[in-house]
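As structure tokens, the structure follows; a few thoughts come after it.
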Amino acid sequence: MSYFRVSLFAAFLAGGGIPLYVHLPLYATDVLGLSLSTLAIVLVVIRLIDTVQDPLLGRLADRFGANRPLLAAVAVLGLSLGFLLLFTLRPDTPTGAWLLAVLVLVFTAYSFATILFYGRGVELASGGGPDRHYRLAGFRETGTLVGILVAVSLPQVGSGAGMDGYAILGLTLAGLGVVMLVANRGLWPPQVKTNEARFKLSDLRDADATPVLILALVNALPVAITSTLFLFFVEDKLQLPDYAGHFLLLFFLCAGLSAPIWSRLSQRFGAKRVLLPAMVLAIVSFIGAASLAPGSAMAFAVISAASGAALGADMVILPALFSVQLERGNVSTGVAFGIWAFVAKLALAMAAGITLPLLDFAGFEPGQTNSAQALTTLTWAYAVVPCILKLCAIWMVVRLPETPLATTK
């Protein structure tokens with residue numbers, strides 16, 4: 001098994017995940033000139049499209065597994081082209097319709113690549129029990145978080161050097177996609193036997209994977225909300241715009257460094273016992289953020305480090321749990337991870353679709369002088385609501401059965 005190839009591909013995919021949602025609100029308003037409400041509508045429409053297409057993409061991956069090298073190449077090239085169009089080759093007067101079209105390309109390619117990648121992960125870890133799934137997840141999510149680290153920092157680094165940071169981001173991610181095609185050819189052998197059995201939602205239930213899927217949605221919402229509002233909170237509430245890039249780097253650096261630690265702890269103690277303290281750490285971080293006053297740079301740095309470490313556990317353990325259940329239930333991985341990809345993006349869309357119009361309604365304007373009510377709304381949306389959602393996720397983890405979450409020795 002080539003863990004390096006897994007980490008490398010995960011790093012590329014990372015650009016189409018959380019960083020896109022971190023950059024989009026500020027990019028859409030400051031660079032493209034769109035309103036927060038327009039951006040929210042675009043993201044909600046994309047999620048409606050995903051409702052239909054992600055399971056279909058999963059079925060496509062299952063049905064044409066013999067052509068998997070070609071499918072992977074199409075997904076990677078589509079994502080690379082989308083990055084170029086979004087950040088580098090943007091028109092002089094972009095509209096909401098243009099943004100919608102480009103994001104459909106980006107997220108379709110991202111979904112397809114993710115489905116293929118996670119399905120391949122199940123194959124690589126099969127036969128090794130939960131321990132191998134946790135180990136693979138540790139390498140995969142470490143690569144993911146390294147990729148996130150690069151993607152979130154490039155616009156700030158480029159702007160600091162007097163260049164168009166977003167254009168550099170698009171070029172870098174597109175170039176990395178080309179590297180993927182060459183360096184990771186061995187990651188995509190054709191499937192000797194493709195799964196043509198018709199997938200049913202009851203397959204997930206029978207494999208005890210449905211509770212993990214629902215937990216993943218609820219647990220992803222807090223991170224989705226904070227990712228969407230991060231730059232607004234730092235720049236407008238804390239009034240620390242010059243530190244935004246540093247906080248992002250610290251957040252994802254701690255997430256990346258913690259990922260292999262969470263993986264080893266899960267192998268030793270079982271996922272349930274490790275998830276709970278990680279979730280408590282996230283709640284403590286949310287509470288701390290809600291109480292900060294403007295200019296609290298050191299305190300927010302500590303919060304960024306703690307919440308980043310908590311994110312590392314989420315990104316390692318939950319996909320591994322889902323993979324374990326799919327393998328045990330002999331469930332078709334393509335469609336199953338199509339649904340998993342949809343759930344992950346649904347959380348991000350729900351976060352944007354609810355919080356951005358709410359801020360717009362409260363009179364919040366990025367980069368402007370805002371009223372106390374608007375900043376209070378921002379604080380509640382960024383810190384208090386995620387805390388409540390995380391408590392719901394903890395309740396769901398407590399109710400999960402112990403057996404499917406424990407490692408086998």
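Any read-out appearing in this document is the output of simple, stated calculations on the displayed coordinates, not a laboratory observation. None of the values given here were measured: they were computed from a predicted structure. Cβ atoms come from the backbone with ideal geometry, glycine included; neighbour counts cover every protein chain shown.
How large is the dipole of the stretch 259-363 about the Cα centre if only Lys and Arg carry +1 and Asp and Glu carry -1, each at its Cβ, rounded to the nearest 20 debye?
Computed about the Cα centre, the dipole is about 400 debye.
Arranged from highest to lowest average of other beta-carbon atoms within 10 Å per residue, in what order do the peptides 236-243, 77-84, 293-300 appear?
77-84, 236-243, 293-300
Tell me, how many Å apart are the Cα centres for the stretch 27-56 and for the stretch 251-305?
Cα centroid to Cα centroid, the span is 29 Å.
Where does the chain land at 222 nm, in deg cm²/dmol rounded to the nearest 500, when only DSSP H runs of n ≥ 4 count, each adding -39500 (n - 2.57), divided by all residues?
That comes out to -25500 deg cm²/dmol.
If the cut-off is a Cα-Cα distance under 16 Å, which aspartates and glutamates reach Lys345, setting aside same-chain residues fewer than 8 apart in sequence?
Counting by Cα, and skipping residues close in sequence, Lys345 has these aspartates and glutamates nearby: Asp50, Asp54, Asp314.
Counting pairs of alpha carbon atoms under 8 Å apart in space and at least six apart in sequence, what relative contact order in percent does the stretch 204-363 give?
42 percent
Excluding Leu13 itself, calculate the net charge of residues whose Cβ lies under 14 Å from the Cβ of Leu13, where each Lys or Arg counts +1 and each Asp or Glu counts -1.
Net charge around Leu13: +3.
What are the DSSP H helices in the chain that stretch 20 Å or more along their long axis, judged by alpha-carbon atoms, and whose average Kyte-Doolittle hydropathy comes to at least 0.0?
36-63, 68-83, 96-125, 129-160, 165-183, 210-232, 244-269, 271-290, 297-329, 333-361, 385-399
Counting Lys and Arg as +1 and Asp and Glu as -1, each charge on the Cβ, what is the dipole of the chain about the Cα centre in debye, to the nearest 20?
Approximately 1340 debye in magnitude.
Relative contact order for the chain: what is it in percent, counting Cα pairs under 8 Å that are at least 6 residues apart?
Relative contact order, the chain: 29 percent.
Would you list which aspartates and glutamates come within 20 Å of Lys237, measuring only between C-alpha atoms, while excluding same-chain residues fewer than 8 positions from it?
Answer for Lys237, where 20 Å is the Cα cut-off: Asp30, Asp360, Glu365, listed by chain and number.
Which is farthest toward the positive dipole end of the chain among Trp262, Gly96, Val44, measuring Cα position about the Cα centre, with Cβ charges +1 (Lys, Arg) and -1 (Asp, Glu)?
Looking along the dipole axis, the top candidate is Trp262.
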